[in-house]
Amino acid sequence: MAVSYTCLTLQYVVVPTVLVLAALFRPAGISFVYLLMFFITPFIPIANSRNFKSAVGPFFIILIALCSLLLLCHIVLQVTIIAMKIESIFAMCSFTQQLLRHIGFINLQNLHPIAAAEWHLPDVLVFITVVISFVVIKKFTQKPPPITMQLETGEILPNQESDDSANADDEAFFDGLIRISPLFCLAMLFVIAVLRPSAPAGFYFLIFLLSGSYWATYNSLRRGFSLLLRLLMLVIALHSVCIVAYQTPWAQYYLSSDNLIARLIGLEPLVLSSCDRDIRVMSYNLKYSFDSFILPILMLLTYFVLALTAKCLSNANVSSAKS
């Protein structure tokens, strides 16, 4: 099969999962870098010998460069603090400390090792995962030598049977995905709509009802549905960014969870970090139940499913138009 299941697993399961964990585990400014790369991931085609240098390779190189830059910034900051002895600038709850904490950089002096690991493990985990994925995908996408056959006249021709069978397998594989993907989209929309009440959740539920009713009348969810999915992707992405941004101290201070705007958007302080204890130490707000913590993960999963479905439907429309 021309599409490698190893490449598919790494690109659409392993790397997105690590990016989501890095973005949600440590809510800070630099986490939005990983969130942005996650939003781009489903639009990167599955790696093969034709698109590795044009699309897949540059994406992984950019991601490795970003991870390396963030790790370098962490190291430079700690070395600068120790070498120049500027610990006084990072006094407890000073403006500089608060600002850098919201960006994602902190002073590790007098900080518990577990708390320090929470700030640096996401970058290390993403870097290691992306580098290994890049090496494996590059190996699997190396183009093998063409299979040839020699005629009785001595002329050597390339054998097209293997390529044709691989392309047929790919078409059958994606045709099956296109048939069942709208079902997964509607199921994921239903889950994130009923999990926690909010204004965006009401919008998701409305789209679920309208799309499900339209599909139940034996209508096909094709081009129009793919356009609707792109609109939903934008709403879900903005909603997810708001939820992650609200897990920072300044956002929780200036916008209380009891505020009408926060309640309408569905913002909940799941991660607590304040000057009352140590702004560098993060703790989970256990007064909220499990569904509040799982909602951001399910929303990002829904975004990923919608993006892949919209891409499959668009490709199917292009193929139909050409035929």
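The values are calculated or read from the model by the stated rules, or taken from the named source; none is laboratory data. Remember, predicted model here, so these are calculated numbers, not experimental data. All Cβ positions, even for glycine, are placed from backbone atoms using ideal geometry, and neighbour counts span all protein chains on display.
Quick notes on this one:
- Screening V20, V79, V33 for residues that are of a type outside the set (D, E, K, R), farther than 19 Å from I137 by Cβ and free of Cβ contacts under 8 Å to residues at least 24 places away in the same chain leaves exactly one candidate, V79.
- For A187, the conditions (1) without any contact (Cβ under 8 Å) to a residue 12 or more places away in the chain; (2) over 17 Å from I297 (Cβ atoms) are fulfilled apart from (2).
- Selected residue (only one of V235, V241 is in contact with a Pro (Cβ under 9 Å, 6 or more places away or on another chain) and in a helix (DSSP H, G or I)): V235
- Scope region 1-19; condition surrounded by fewer than 22 Cβ atoms within 10 Å (Cβ to Cβ), in a helix (DSSP H, G or I) and of a type in the set (A, V, I, L, M); matching residues: L8, V13, V14, V18
- Beta carbons closer than 6 Å, at least 6 apart along the sequence or on distinct chains, pair a first residue in region 257-282 that is in contact (Cβ under 8 Å) with a residue 60 or more places away in the chain with a second that is surrounded by 13 or more Cβ atoms within 10 Å (Cβ to Cβ) and among the basic types (K, R) for G266/R196; I279/R101.
- Exclusive hit being in a helix (DSSP H, G or I) and under 23 Å from the mean Cα position of the chain (by Cα), set L70, L77: L70
- Summed over region 280-299, residues that are among the basic types (K, R) and either under 8 Å from L270 (Cα atoms) or surrounded by 15 or more Cβ atoms within 10 Å (Cβ to Cβ) (or both) total 1.
- Residues of region 254-273 satisfying the condition of being surrounded by 15 or more Cβ atoms within 10 Å (Cβ to Cβ), in a loop (DSSP other than H, G, I, E, B) and on the phi < 0 side of the Ramachandran plot: L255, L267, E268, P269, L270, S273
- The lone criterion from (1) more than 24 Å from I297 (Cβ to Cβ); (2) among the β-branched types (V, I, T); (3) in contact (Cβ under 8 Å) with a residue 60 or more places away in the chain left unmet by T41 is number (1).
- Selection of region 106-139 for residues being without any contact (Cβ under 8 Å) to a residue 40 or more places away in the chain and assigned to a loop (DSSP other than H, G, I, E, B) yields L108, Q109, N110.
- Condition broken by L35, with the remaining ones in (1) surrounded by 15 or more Cβ atoms within 10 Å (Cβ to Cβ); (2) over 27 Å from M282 (Cα atoms); (3) of a type outside the set (K, R) satisfied: (2)
- Single residue of L229, L209 found to be in contact with a Leu (Cβ under 9 Å, 6 or more places away or on another chain), outside the structural domain of F43 (by TED's automatic domain parsing) and either part of a helix (DSSP H, G or I) or under 17 Å from R196 (Cα atoms) (or both): L229
Residues checked against (1) among the hydroxyl-bearing types (S, T, Y); (2) at pLDDT below 95; (3) within 29 Å of F208 (Cβ to Cβ); (4) touching a strand residue (DSSP E or B) at 6+ places or on another chain (Cβ under 6 Å):
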| site | (1), (2), (3), (4) |
| --- | --- |
| Y253 | yes, yes, no, no |
| L260 | no, yes, yes, no |
| S274 | yes, yes, no, no |
| V281 | no, yes, no, no |
| Y288 | yes, yes, yes, no |
| M299 | no, no, yes, no |
| T309 | yes, yes, yes, no |
| L313 | no, yes, yes, no |
| N317 | no, yes, yes, no |
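- Residues that are β-branched (V, I, T), part of a loop (DSSP other than H, G, I, E, B) and out of contact with any Lys or Arg (no Cβ under 9 Å at 6 or more places or on another chain), drawn from region 274-303: V281
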